Amino acid sequence: AILKNTWAARNIFRMFRHSINSRSGLGTMLFIALILRVSSASALDSTNTYSLTSPSGQCEIAVTLKSDGSLSYRALRHGKVVIHDSPLGLRCADQDFEHSLVLDRVVNATKRNEVYELFSGTHTHVNHQLQACALWFRNAKGVAIEVDLAASEEGVAFRYRFPETNAN
């Protein structure tokens with residue numbers, strides 16, 4: 001297990017050095033018990049969060065994969081949460097994409113321009129710069145779901161895609 005808290009890591013390794021120098025079996029056992037306690041606590045509480053920000057950093061979307069394999073997302077604007085943690089996922093007739101998901105891969109963020117025309121409105125020509133990335137997950141049956149993320153100065157978005165299905 002990787003220790004995220006450097007203060008805790010320093011103290012654990014200091015104890016380990018002491019137990020080796022004193023050749024005390026009790027010190028070594030204490031060190032092993034402490035490592036097991038820290039690693040089991042971090043495994044239970046572990047979550048992985050993947051964030052994407054707009055080109056200027058004004059808007060952000062964050063997707064969290066929880067330890068039970070469920071997903072949630074939150075949206076921020078100017079660093080303030082505007083959509084609190086909300087569940088992500090789908091349940092289909094034959095597949096569950098709400099629980100027991102594992103991360104398959106992350107497609108790195110790329111900067112894109114989206115140019116299109118609106119039928120009506122004050123500004124009919126739209127030219128947005130945005131950041132986009134994709135998170136691929138697999139469910140308990142090994143079926144893939146892709147969550148595409150986008151962040152622009154106007155807001156954030158996500159969509160689900162099923163990359164392993166035929167277009168026919």
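What to note about this one:
- Residues (open to solvent by less than 70 Å² (accessible area, probe 1.4 Å) and either among the polar types (S, T, N, Q) or in contact with a Phe, Trp or Tyr (Cβ under 7 Å, 6 or more places away or on another chain) (or both)) located in the stretch 109-141: Thr124, Val126, Gln131, Leu135, Asn139
- So Ala144, is it over 14 Å from the mean Cα position of the chain (by Cα), open to solvent by less than 10 Å² (accessible area, probe 1.4 Å) and under 22 Å from Pro55 (Cβ atoms): no
- Number of residues in the stretch 125-141 that are over 19 Å from the mean Cα position of the chain (by Cα), in a strand (DSSP E or B) and of a type outside the set (A, V, I, L, M): the value is 4.
- Among residues of the stretch 150-161 being in contact with a Ser or Thr (Cβ under 9 Å, 6 or more places away or on another chain) and either more than 7 Å from Leu130 (Cα to Cα) or modelled with pLDDT under 95 (or both), the one that is least open to solvent (accessible area, probe 1.4 Å) is Gly155.
- Meets criteria (in a strand (DSSP E or B) and either over 20 Å from Ala140 (Cβ atoms) or modelled with pLDDT of 95 or more (or both)) for Ser40: no
- Within the stretch 80-95, the residues that satisfy the criterion of being touching a residue at least 12 places away in the same chain (Cβ under 8 Å) and outside any strand (DSSP E or B) are Gly89, Leu90, Gln95.
- Consider the stretch 69-108 and keep the residues that are open to solvent by less than 90 Å² (accessible area, probe 1.4 Å) and acidic (Asp, Glu). The one that is farthest from the chain's Cα centre (by Cα) is Asp96.
The values are calculated or read from the model by the stated rules, or taken from the named source; none is laboratory data. The shown structure was predicted, so the numbers you read here are calculated from the model rather than taken from an experiment. Quick reminder, even Gly has a Cβ in these numbers, built from the backbone with ideal geometry, and neighbours come from all protein chains shown. For accessibility, only protein heavy atoms count, side chains too; no ligands or nucleic acids. Shrake-Rupley method; radii C 1.70, N 1.55, O 1.52, S 1.80 Å.
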